[in-house]
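A.B. asks: One structure, pasted below without further comment.
Computed from the coordinates by the stated procedures, all read-outs in this text should not be read as laboratory data. Keep in mind that what you see is a predicted model, and the values were worked out from it rather than measured. Virtual Cβ from ideal backbone geometry, glycine too; neighbours counted across all protein chains shown.
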Amino acid sequence: MIFDKETRVVEFVRRPNRFQGYVIIDGKEELVHVPNTGRCREILIPGCNVLIRTENGANRKTRFSLIGGYKNGKLINIDSQAPNKIVEEALINKKIKGLESYTTICREKTFGNSRFDFKLTNDSGKEYYLEVKGVTLEENGHSMFPDAPTDRGRKHLLELIEVKNSGKGAGVIFLIQMDNISTFKPNDKMDKAFADALRFAKGNGVDVFAYECSLGENFIELTKPVEVLVSI
């Protein structure tokens with residue numbers, strides 16, 4: 001995915017709440033939008049370099065969105081709207097192993113009372129529901145999710161089990177928004193309920209994918225699978 005808006009690297013100052021941040025632009029402190037509800041505490045550190053994107057919405061209160069940060073020289077994308085776009089592009093280009101046969105890709109589709117990020121259908125009419133989770137937390141090349149408690153995420157996993165029990169395909173993909181990652185695992189310390197639900201979902205036949213990305217200051221794309229450490 002190539003960014004169609006201008007980006008630039010600036011200095012991060014502080015984040016007073018989930019959706020607001022302050023950075024230094026052309027020598028002056030300015031408010032920017034942070035499109036991520038996670039904590040990102042290990043990324044958004046005062047004085048670090050961050051990536052901002054120019055916005056042009058008529059009703060916006062800020063000129064820029066903060067979409068990434070450099071952690072020990074590693075660029076990490078934190079734009080929560082990016083993962084679904086990246087995964088859709090990867091599905092179209094047959095980059096996700098095990099899902100290559102699905103030719104119809106629909107966004108935001110419901111199953112029962114649940115809404116999932118993707119509904120896939122192959123030429124034989126088989127349906128597959130896929131949920132996407134963006135990952136920004138890593139330690140020494142090992143990634144984890146979530147970086148903040150997510151009851152909504154836990155419910156998604158349990159709902160995917162219902163999909164699987166109906167005879168349809170079901171999976172969750174953890175899109176790691178950085179490169180050079182060795183493994184992925186659920187973050188038991190942050191949200192054990194989510195971690196337990198992921199193990200339960202995998203034990204009930206829900207597919208668990210993890211992929212890292214190649215990225216720069218004007219692009220990001222899904223590249224290769226990462227080992228998933230989810231013991232049942």
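A.B. asks: Between THR223 and GLU6, what is 0.36 nm times their sequence separation minus the Cα-Cα distance? Round to one decimal in nm.
C.D. replies: Working: separation 217, 0.36 × 217 = 78.12 nm, distance 2.34 nm.
Gain in length upon complete extension: 75.8 nm.
A.B. asks: Any idea what the alpha-carbon Rg over 2.2 N^0.38 Å comes to for segment 7-77?
C.D. replies: Rg over 2.2 N^0.38 Å, computed on Cα atoms: 1.00.
A.B. asks: Each label point is 7 Å from the Cα along the Cα-to-Cβ direction; what then is the distance between the points at VAL230 and THR103, in nm?
C.D. replies: A separation of 2.9 nm, rounded to one decimal place.
A.B. asks: How much of the DSSP beta bridge set in the chain is antiparallel, as a percent to the nearest 5?
C.D. replies: Numbers: 45 of 66 bridges.
For the chain, the DSSP antiparallel bridge percentage is about 70.
A.B. asks: Would you mind checking the tilt of helix 151-165 against the longest principal axis of the Cα atoms of the chain, expressed as 0 to 90 degrees and rounded to 10?
C.D. replies: Roughly 20 degrees, rounded to the nearest 10.
A.B. asks: Rank the residues LEU75, LEU160, LEU51 as a footprinting-exposure proxy: fewest other Cβ atoms within 10 Å of their Cβ go first.
C.D. replies: Numbers: LEU75 21, LEU160 28, LEU51 25.
Lowest count first: LEU75, LEU51, LEU160.
A.B. asks: Distance from the Cα centre of segment 1-58 to that of segment 194-232, in angstrom?
C.D. replies: Using only Cα atoms to place each centre, the spacing works out to 26 Å.
A.B. asks: Now for a separate question. Work out, step by step, the length gained on full extension between ASP188 and LYS85: first 0.36 nm times the residue separation, then minus their alpha carbon distance; give nm to one decimal.
C.D. replies: On the way: separation 103, 0.36 × 103 = 37.08 nm, distance 2.77 nm.
The span from ASP188 to LYS85 would gain 34.3 nm if fully extended.
A.B. asks: Using the crude model of +1 on Lys and Arg Cβ and -1 on Asp and Glu Cβ, and no other charge, please compute the dipole size for the chain relative to its Cα centre, in debye to 20. Intermediate values should be presented prior to the final figure.
C.D. replies: Details: 35 positive and 32 negative charges, 97 e Å.
With Lys and Arg at +1 and Asp and Glu at -1, about 460 debye.
A.B. asks: Compute the separation of the alpha-carbon centres of segment 65-137 and segment 142-172 and state it in Å as a whole number.
C.D. replies: When both Cα centres are located, 13 Å separates them.
A.B. asks: Counting only C-alpha contacts under 8 Å and six or more residues apart, can you give the relative contact order of the chain as a whole percent? Write down the numbers at each step before the final one.
C.D. replies: Details: 503 pairs, mean separation 36.5, N = 232.
Here the relative contact order equals 16 percent.
A.B. asks: Within 10 Å of each candidate Cβ there may be at most 12 other Cβ atoms; applying that plus a DSSP loop requirement, which GluC sites (Glu not before Pro) in segment 74-165 survive?
C.D. replies: Details: sites: GLU88, GLU89, GLU100, GLU108, GLU127, GLU131, GLU138, GLU139, GLU159, GLU162; in loops: GLU100.
Within segment 74-165, the qualifying GluC sites (Glu not before Pro) (loop, at most 12 other Cβ atoms within 10 Å) are GLU100.
A.B. asks: Moving to a separate point now. With no solvent and one equal point scatterer per Cα, compute the Debye intensity ratio I(q)/I(0) for the chain at 0.10, 0.15 Å⁻¹ and report its log10, rounded to two decimals.
C.D. replies: The Debye formula, applied to the Cα set alone, gives -0.47, -1.02.
A.B. asks: Using Cα atoms only, what is the angle between the long axis of helix 82-92 and the major principal axis of the chain, expressed in degrees (0 to 90) to the nearest 10?
C.D. replies: 50
A.B. asks: Quick check on my link table: of LYS94/LYS189; LYS133/LYS189; LYS97/LYS119; LYS97/LYS192, which ones sit more than 24 Å apart, alpha carbon to alpha carbon? Walk me through the numbers on the way to the answer.
C.D. replies: On the way: LYS94/LYS189 34 Å; LYS133/LYS189 18 Å; LYS97/LYS119 16 Å; LYS97/LYS192 28 Å.
Checking Cα-Cα distances, LYS94/LYS189; LYS97/LYS192 exceed 24 Å.
A.B. asks: Two-decimal Rg/Rh of segment 148-211 from alpha-carbon positions, Kirkwood Rh?
C.D. replies: 0.98
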